[in-house]
Amino acid sequence: MKSVVSHQASTPQGTTDSLGSKLRRKRKNGVAGYAFVSGYFILLALFGIAPAVYAICLAFTSTGGHVVGLSNFIKTGEDFRFLPAFENIAEYLSIWLASLVVIVIGLALMLHSISRKVSAAFRFIFYLPGALAGAASVLVWLFMLDPTVSPWRLFLGIFDFKNLGQTILPGHLPIIFAIIAFWAGAGGWIVVTYGALNNIPNELIEAAELDGAGPMQTALRIKLPLIKKWITFMLILAFAAGTQLFVEPQLVGEASLGLISPTWSPNELAYYFAFQNNNFNYAAAISVDLLVIGLLCAAVLVFRTKLFEVE
Amino acid sequence: MRIFNRVWSRTLSYIVLLAFTAFFMVPVIWLLFSPFKTDHQLVTENPFALGTLENLGHAVRVMFTFEDYSLLNWLKNSAIYSFGGIAIALIFSIPAGYGLAHTQFIGRRTLLGVTLFVMIMPATALVLPLFLEANSVHAVGTPLSVILPFSFFPFGVYLAYIFYSSSVPKDLLAAARIDGCNEWNVFRRIALPLARPIIALVTFFAFVANWNNFFLPFVMLPNSTNYPLPIGLQDLLSTTPAFNPGQGGQVGIYRPELAVATIVAMAPVMIVFLFAQRSLVSGLLAGSTKE
């Protein structure tokens, strides 16, 4: 059985193959390759690349269509709402990603060390809130954060929150959004991480145990390095999703009686520029800002952890 | 000593797991209980006190008949957008993942790299440009303006690629070729049947992503008859006096009714999860060749 991270053995080419038949095979393989990816390529071009290129074009032009260089970036960057929006998101992301690394992996390792049936029940329970991601999860948490109806009212009482308005004060939002993201998103990642752990050959774990490794050592020295690729994958995607925060501040803002800024997150700011100010160029500039952050982070993770080591 | 350690770590594991069980489940249980109570009871009674079926009936009736059965309409819209997007995404992403993993062609690495980057790229960064794109072909407000962007699902391609490159041995495919299969048949007879867990995984992630997507339909669909459920929920939230005391109570949407709408919104994803669960974690490939 192949593990997730094992290197592929190169295709054994028969030594009796003549060079000609090898080349033929390669060419045939090439045409087939194009056929397999062509449909996806069209979707990629139309709904991935074209809009991205369009966003970049918009970001460097004025509403009248003139090339204006970095002007849109400078003007949006100097906007008084710009920095706070990015600070908000940075604070939220640091809490959310840290909890992913520590808690999600910790829970997955625990689940992997107990019996399969029991762990299946836990995984299901942890995953269940994933069904409420997005608007539904925000609604549920508006209930949870409202001390007048919340089942956690005792807990909220510790912080002396008397009504919803006090719980969702702007300063509390990064941690609240991290809790919502964790509640709705962690289960899915636990399932994925557990799946990756499951793919580790048993012999490896047994060998470690024979060599005297305890559960902790097996987890840290054998299991963790073997699922590194999936952890990277998780962090990249969670970061990407995290920078997109839109529905959470939007809906919580709806319930805050105007206490929370309608431009709390960068995406809200971009939306505001686009639909309140009718300035798609400013909106595109912020979109490109987010894009660059996401790409830089991805590049660092991809090149540092060799995500493509299956080659 | 070792056995002692093992018992300790196991006990500790269970304590932590149970604590998180409470964290994850209490909101769901509360949500399921709340439509059985009146708004007043939710405030005054124990959070887990049982309500009555009568209250449930009332909340369901009010919620479903609200604005001429809007909830059912949103549900229908969500289903059309989500499944339309998934169907197209699956048709293209499974062969693409296979092609990227097991065939050689010029531009393969580039396509792989672009896929990864587009997948990581915040999808919302493309929402406004997609809106302009749709606008230029007069597609704004149509179901296709949401379905087609949904059908582009690079995460699915990447999952399929990871699966095929790490869990389907090249030897297996080479064996099929030696037995006389052409490239299409290798894919159809060997790779595709093996892909069942990955099809479940892609369907599942695409469904959750589509069903819960907020920003794209929010921008693309200005008309409330086209709303999918998440936008519908926001609509409810903005009109309910439960969170906006300034709003008049004439719409009759209070917390129990909101809970009904939320349950309706989450139920399909839960049902899909129940079906996908088995193949989701069954270990991607249980030994078709031994190394």
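Annotations
- In region A:146-168 there is no residue matching the filter, namely being part of a helix (DSSP H, G or I), at negative phi, away from chain B (no Cβ under 11 Å) and within 24 Å of the chain's Cα centre (by Cα).
- For residue B:84, the requirement of being part of a helix (DSSP H, G or I) and out of contact with any Cys (no Cβ under 9 Å at 6 or more places or on another chain) is met.
- Filter pass, residue A:183 being within 9 Å of chain B (Cβ to nearest Cβ) and touching a residue at least 12 places away in the same chain (Cβ under 8 Å): yes
- Just so you know, in region B:154-167 the residues that are of a type in the set (A, V, I, L, M, F, W, C) and more than 8 Å from chain A (Cβ to nearest Cβ) include one that is farthest from the chain's Cα centre (by Cα), and it is B:163.
Matching residues to (1) at pLDDT 85 or above; (2) crowded, with 22+ Cβ neighbours inside 10 Å; (3) not acidic (Asp, Glu):
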site	(1), (2), (3)
B:199	yes, no, yes
B:202	yes, yes, yes
B:211	yes, yes, yes
B:219	yes, no, yes
B:226	yes, no, yes
B:230	yes, yes, yes
B:238	no, no, yes
B:247	no, no, yes
B:258	yes, yes, yes
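- The test for being farther than 24 Å from residue A:229 by Cβ, outside any helix (DSSP H, G or I), of a type outside the set (Lys, Arg) and in contact with a helix residue (DSSP H, G or I) (Cβ under 9 Å, 6 or more places away or on another chain) holds for residue B:106.
- Summed over region A:46-63, residues that are surrounded by fewer than 19 Cβ atoms within 10 Å (Cβ to Cβ) and modelled with pLDDT under 85 total 1.
- Exactly one residue among A:258, A:212 is at positive phi and modelled with pLDDT under 80, and that residue is A:258.
- Residue that is assigned to a helix (DSSP H, G or I), at pLDDT 85 or above, surrounded by 22 or more Cβ atoms within 10 Å (Cβ to Cβ) and not charged (D, E, K, R), where the choices are B:125, B:96: B:96
- Within region B:188-204, one or more residues are under 19 Å from residue B:99 (Cβ atoms), in contact with a Gly (Cβ under 6 Å, 6 or more places away or on another chain) and of a type outside the set (D, E, K, R).
- For region B:156-193, a tally of residues being surrounded by fewer than 20 Cβ atoms within 10 Å (Cβ to Cβ), touching a residue at least 24 places away in the same chain (Cβ under 8 Å) and of a type in the set (A, V, I, L, M, F, W, C) returns 2.
- Apart from one condition, residue A:261 fits all of (1) assigned to a helix (DSSP H, G or I); (2) out of contact with any Ser or Thr (no Cβ under 7 Å at 6 or more places or on another chain); (3) more than 30 Å from residue B:157 (Cα to Cα); the exception is (1).
One line per residue, one yes/no per condition, for (1) surrounded by fewer than 22 Cβ atoms within 10 Å (Cβ to Cβ); (2) more than 9 Å from chain B (Cβ to nearest Cβ):
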site	(1), (2)
A:228	yes, yes
A:235	yes, yes
A:238	yes, yes
A:243	no, no
A:261	yes, yes
A:285	no, yes
A:291	no, no
A:297	yes, no
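- Scanning region B:128-180 for residues that are part of a loop (DSSP other than H, G, I, E, B) and of a type outside the set (Gly, Ala, Ser) yields B:137, B:138, B:140, B:142, B:143, B:152, B:153, B:168, B:169, B:179.
- Being within 11 Å of chain A (Cβ to nearest Cβ) and either closer than 16 Å to residue B:157 by Cα or of a type outside the set (Lys, Arg) (or both) is a property that does not hold for residue B:83.
- The number of residues in region B:179-212 being within 11 Å of another protein chain (Cβ to nearest Cβ), more than 23 Å from the chain's Cα centre (by Cα) and of a type in the set (Gly, Ala, Ser) comes to 1.
The values are calculated or read from the model by the stated rules, or taken from the named source; none is laboratory data. Because the structure is a prediction, the values reported are computed rather than measured. So basically every Cβ, Gly included, is an ideal-geometry build from the backbone, and we count neighbours across all protein chains shown.
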